[in-house]
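Single-structure report; data block below.
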Amino acid sequence: MTIIESIILGAVQGLTEFLPVSSSGHLQIAKALLGVEIEENLVFDVTLHAATVLSTIVIFWAEIKRLLIGLFSRHFNQEQAYILKLIISMIPIGIVGFAFKDHINAMLESPYILTIVGVMLLLTAALLAFAYYARPRQKEDISYRDAFLIGLSQAVAAMPGLSRSGTTIATGILLGNKKTIVAQFSFLMVLAPILGEMLLEVVGGDMVFDTIGTLPLICGFLSSFIVGCLACKFMINIVKRGKLIWFAAYCAIVGIIAIVSNII
């Protein structure tokens, strides 16, 4: 992998991790365009995810700090309730990760992966469009039930090409939650699963470190982190303005292109 390729892939990861367009799907498309077999370089993939986790922590540090301070209160408070909701939302993806990880990895290696990604991008487009045109009542707080349902949508979004942020934000909106509140919840709820997956990969010894040079790893990390910070701020503003329909149109176009390119 060259330095330029690592920077491009890092930027793709950082940008699409927060935008509702599927980071896994776009990484597969970028891999096909660049001819880089990123699934064989797990250490690089984990490095990119570490960068987006760090960018999330940086952007939401004030909120994370408030939650951590409230966590150690002797009395049950709003911060502890919010953390409990985050934990509840993580249960479905944890089950999917343990039960279907090998199946998902096998899917990524399928010769029809671009078709799968294309179909899932079309599904993402439909979900975003539905959430945009639906006008449910907006609640001030995410309930425990909603937290679990949003978590279920995150588990479904393990499918390559189905946007995690798009699916969870759209689900939260359809459940009647305020857009900015559900966007923040969506970004925070993914921190522990990604960190947990990274830890399992390192402890399990599945990562091979001699296939990628140190410099491409550093360049990919920095690219993903910087672009991730910008994309996270951008996405929050987009959700506030309710412009998800543009991402629906984008996902539909890219999805069709991915399907056609895999057929030709």
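Please treat every number below as a calculation from the coordinates, not as lab data. Just so we're clear, the structure is a prediction, and the values are computed from it rather than from any experiment. Every residue, glycine as well, gets a Cβ built from its backbone with ideal geometry; the counts of neighbours run over all protein chains shown.
Note on Val117, Val36, Val12: ascending count of other Cβ atoms within 10 Å places them as Val36, Val12, Val117, the fewest first.
Would you compute, from DSSP H runs of 4+ residues alone, the mean residue ellipticity of the chain at 222 nm, taking -39500 (n - 2.57) per run and dividing by the full residue count, rounded to the nearest 500? Working shown, then result.
Details: 12 runs with 205 residues, N = 264.
Helices in the chain give a 222 nm mean residue ellipticity of -26000 deg cm²/dmol.
Could you give the length gained by full extension between Asn105 and Ile226, i.e. 0.36 nm per residue of separation minus their alpha carbon distance, to one decimal place?
The Asn105-Ile226 span can extend by a further 40.8 nm.
Counting beta carbons within 10 Å around each of Thr171, Thr2, Thr52 and listing the fewest first gives the order Thr2, Thr171, Thr52. How large is log10 of I(q)/I(0) for segment 3-263 at q = 0.08 Å⁻¹ when the intensity is taken from the Debye formula with one equal scatterer per alpha-carbon? Scattering profile of segment 3-263, log10 relative to I(0): -0.30. Along the charge dipole of segment 3-263, Cβ charges K/R +1 and D/E -1, which of Leu34, Gly94, Asn177 sits furthest on the positive end? Result: Asn177, furthest along the dipole toward the positive end. This model, with +1 at the C-beta of Lys and Arg and -1 at the C-beta of Asp and Glu, gives the chain a dipole about its Cα centre of some 1500 debye. For the set Lys139/Lys243; Lys31/Lys240; Lys85/Lys243; Lys101/Lys179; Lys101/Lys240; Lys101/Lys243, the pairs lying more than 23 angstrom apart at their alpha carbons are Lys31/Lys240; Lys85/Lys243; Lys101/Lys179; Lys101/Lys240; Lys101/Lys243. Tilt of helix 78-108 relative to the longest C-alpha principal axis of the chain, in degrees (0 to 90, nearest 10)? In the chain, helix 78-108 runs at an angle near 20 degrees to the longest axis. Size check on segment 1-151: the Cα extents along the three principal axes, sorted descending, read 54, 35, 30 Å. Ordering Thr115, Thr124, Thr47 by the number of other Cβ atoms within 10 Å of each residue's own Cβ, fewest first, gives Thr115, Thr47, Thr124. Computed over segment 3-263, relative contact order equals 40 percent, with contacts defined as Cα pairs under 8 Å that lie 6+ residues apart. Put a dot 7 Å past the Cα of Leu71, heading toward its Cβ, do the same for Ile257, and the two dots end up 4.1 nm apart.
For Asn177, the residues whose modelled amide H falls within less than 5 Å of its own, excluding neighbours fewer than 5 places apart on the same chain, are Lys139.
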